[in-house]
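Worksheet: the structure to be examined is printed underneath.
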Amino acid sequence: MGLFNFFNGKQNSNNHNSQENPTNPLAEIPENIFLEKEKQTTESIQDERITPNIDNGISVLFAFIEKNYEGKGYDDALINPDNTHLAQNIEALKNDLERTIRKIKTFYEDFIREINFHIETRSRSGMVDTVEELTVRKDTAEEHINQILDIENEAKENRGIGYGIILSYKRGFNNGLAAISHHSIMKKNF
């Protein structure tokens with residue numbers, strides 16, 4: 001009984017202290033005690049496996065291309081207003097674009113390989129509707145790959161939306177050079 005009295009005594013003293021001191025904050029109760037998380041079903045897990053992840057798909061490429069590089073070019077010109085610095089940074093941007101394109105192409109190639117497996121196994125099981133859905137997803141992935149290849153080829157030829165990042169960077173760099181000239185030369189009085 002001594003052990004139970006020890007715990008009861010401690011509990012009573014804690015209750016007594018908390019009643020005496022109303023400013024004492026209550027202890028945090030974890031959310032999982034009162035809320036049950038929804039468990040994933042086999043269907044939802046399977047849907048996740050055959051649906052391309054947005055973070056790896058063509059949207060990553062468009063986010064990269066749509067980013068405004070003018071501010072980066074401007075800041076780089078203020079740091080080092082040398083044409084070799086400009087050329088090196090343009091080359092780095094081209095490499096980033098190429099790396100992003102390779103990453104996305106690899107993602108789609110893996111996705112198509114996986115979806116081909118699903119199409120083959122589901123067609124053997126006679127799941128006609130599922131095979132048609134998978135075929136539509138495969139066609140969409142192949143269209144995305146074709147768009148990516150077009151962007152890649154245009155960027156290599158210095159045209160198209162892939163080349164827009166270079167133009168944006170150059171514009172910012174030139175604006176930075178102009179700002180340096182304006183600040184250091186144009187504001188001087190003779």
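If the condition is being farther than 13 Å from Gly162 by Cβ and without any contact (Cβ under 8 Å) to a residue 40 or more places away in the chain, then the range 67-98 contributes Ile79, Asn80, Asp82, Asn83, Thr84, His85, Ala87, Gln88, Glu91, Ala92.
Being surrounded by fewer than 12 Cβ atoms within 10 Å (Cβ to Cβ) and not polar (S, T, N, Q) holds for only one residue in Glu98, Glu157, and it is Glu157.
The condition of being at pLDDT below 60, of a type in the set (Asp, Glu) and in a helix (DSSP H, G or I) holds for only one of Glu109, Glu36, Glu91, Glu43, that being Glu43.
The values are calculated or read from the model by the stated rules, or taken from the named source; none is laboratory data. Because the structure is predicted, anything quoted here is derived from the model rather than measured. For neighbour counting, all protein chains shown are included, and Cβ atoms are generated from backbone atoms with ideal geometry for every residue, glycine included.
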